[in-house]
Amino acid sequence: MWNQDFNQSGFSQVQGGGFSTPQGDEKKKSKRSNNIVPVTVAQILTAKHEDDAFMSGNQELSQVTLLGLIKSVNESPTRIDYVIDDMTGPPLDVRRFNDTDENEEAETQTQNVYAPNTYVRVNGLLRAFGGKRTVNAFKISPVTDMNELTCHMLEVIHASASGQQQHAQPIKSSSMGSNSMDMVEQIAGLSPLQMQVQTIIRSDHSEQGCSVDDICQQLRSVAPKAIRETIEFLSSEGHIYSTIDDEHFQATDA
């Protein structure tokens, strides 16, 4: 479909000698930039920014997709600002500009505003302004199945590993980056909720560890009983351990 549209516009035809190579390079760059890359917030914040391009390892990040929990929402006449947290790094600012028709009622416009503590998938363009990185979203949709969190992390691992293998030396072609291996170990055998709870506990570096109340506060959409059952499972499997009392935990691999 993209190739058909491109050919109809006439830009894919070589108009004269000497210009075929630059046009080919631009076409490849356009095709690469149009790929939607599954990412985490940590990858966005640590990607190298050079020549108007974001590079995470061997991947160019332009159009990205990520999953996370809405921490806050700020509405204005022209856009909606979200703060999204996927537990891999500091929360990320996501902007959704209003593109509704002037005749559309305000009541209809507010239907696309998602409340805090809602898990969402964000598709958008990675941008940087004043040293701060944001995602300008062209689509935000709620996550209705928590298994989508696990699937997304697997997609992130696959995309990262594929990029590394394509650019690796032959002797290292079968190797996978340490970050990808860490994510594999984090996901293996755990449900989406178990993975989320373990990630929250792992991110707490205090001496007393993460409290059950803190976990419940961050996962308000999950019943406290389910969270406690998850903590009990993680503890029995050796992923976490209690510290000062039965209400505080640390990750064994922290």
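Brief remarks follow.
- Comparison of SER174, SER221, SER191 shows that the only residue that is closer than 13 Å to HIS239 by Cβ and modelled with pLDDT under 85 is SER191.
- Residues in the range 44-64 that are surrounded by 15 or more Cβ atoms within 10 Å (Cβ to Cβ) and either in contact with a Phe, Trp or Tyr (Cβ under 9 Å, 6 or more places away or on another chain) or modelled with pLDDT of 90 or more (or both): ILE44, ALA47, GLU60, LEU61, SER62, GLN63, VAL64.
Results for (1) modelled with pLDDT of 90 or more; (2) touching a helix residue (DSSP H, G or I) at 6+ places or on another chain (Cβ under 7 Å); (3) within 20 Å of MET153 (Cβ to Cβ); (4) surrounded by 18 or more Cβ atoms within 10 Å (Cβ to Cβ), shown as yes or no for each residue.
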position	(1), (2), (3), (4)
LEU66	yes, yes, yes, yes
ILE70	yes, no, yes, yes
ASP93	yes, no, no, no
ARG96	yes, no, no, yes
ASP101	no, no, no, no
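Residues are listed down the side, and each one gets a yes or a no for (1) in a helix (DSSP H, G or I); (2) small (Gly, Ala, Ser); (3) at pLDDT below 60; (4) within 14 Å of the chain's Cα centre (by Cα):
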| residue | (1), (2), (3), (4) |
| --- | --- |
| THR134 | no, no, no, yes |
| ILE157 | yes, no, no, yes |
| SER160 | yes, yes, no, yes |
| GLN186 | yes, no, yes, no |
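- Selected residue (only one of MET153, MET146, MET181 is at pLDDT below 90, surrounded by 13 or more Cβ atoms within 10 Å (Cβ to Cβ), among the aliphatic types (A, V, I, L, M) and over 23 Å from ASP93 (Cα atoms)): MET181
- The range 196-254: number of residues that are in contact with a Lys or Arg (Cβ under 7 Å, 6 or more places away or on another chain) and surrounded by 15 or more Cβ atoms within 10 Å (Cβ to Cβ): 2
The values are calculated or read from the model by the stated rules, or taken from the named source; none is laboratory data. Quick caveat: nothing in here was measured; it's all calculated off a predicted structure. Glycine also receives a Cβ, built like all others from the backbone with ideal geometry; neighbour counts cover every protein chain displayed.
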